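Below is one structure, written out as structure tokens, with a few remarks after it.
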Amino acid sequence: MVSIEKIPQETLINRGAYATVRGAHEDEKKNLQKICGQLSAIATQVLRKMQPDHDDVPESVESLIESGRLLLDMMQACSERIESLAKQRQELKAKAWG
């Protein structure tokens, strides 16, 4: 059993901060996975609309393309947050566990 009273307060604070940042980092990675899946789905929809049955004229994909652009912006912002959180996590790990 671990005796919390014997662990220095600063170490406990650093470990709590590390756990908090780690959780946020994992959440952002899950968010990025979701965004990537949505972008993949849009790409599939664009391809499908551009290959209509028979000799039909393809439907416009402008709204899908716009949605894809928004998702790319979201992907970029999420990637930047992941990078920032990874750096924080790395710094806190050294403080929390030496």
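If the chain linking K34 and K93 were pulled fully straight, counting 0.36 nm for each residue of separation and taking away their Cα-Cα distance, it would gain 18.5 nm.
To the nearest 10 degrees, how steep is helix 62-97 against the longest Cα principal axis of the chain, on a 0 to 90 scale? Approximately 10 degrees, to the nearest 10. Please give the helix 9-49 orientation as an angle from the longest Cα principal axis of the chain, in degrees from 0 to 90, rounded to the nearest 10. The angle comes out near 10 degrees. In the set (i) 24.8, 81; (ii) 22.2, 77; (iii) 20.2, 76, the label that goes with Rg and Dmax of the Cα atoms in Å computed for this structure is (ii). Counting lysine pairs in the chain whose alpha carbons fall under 19 angstrom apart, excluding pairs fewer than 8 residues apart on the same chain, gives 5.
Extents of segment 10-64, largest first, come to 71, 16, 6 Å (Cα atoms, principal axes, whole angstrom). For the chain, the residue among L85, Q38, S63 whose Cα projects farthest onto the positive side of the dipole built from Cβ charges is L85.
For the pair E83 and A19, the difference between a 0.36 nm per residue extended length and the Cα-Cα distance amounts to 21.4 nm.
Rule-based calculations on the coordinates, nothing more; no lab input. Model, not experiment: these values are computed from the prediction. Methodologically, a virtual Cβ is constructed for each residue, glycine included, from the backbone with ideal geometry; neighbour enumeration extends over all protein chains shown.
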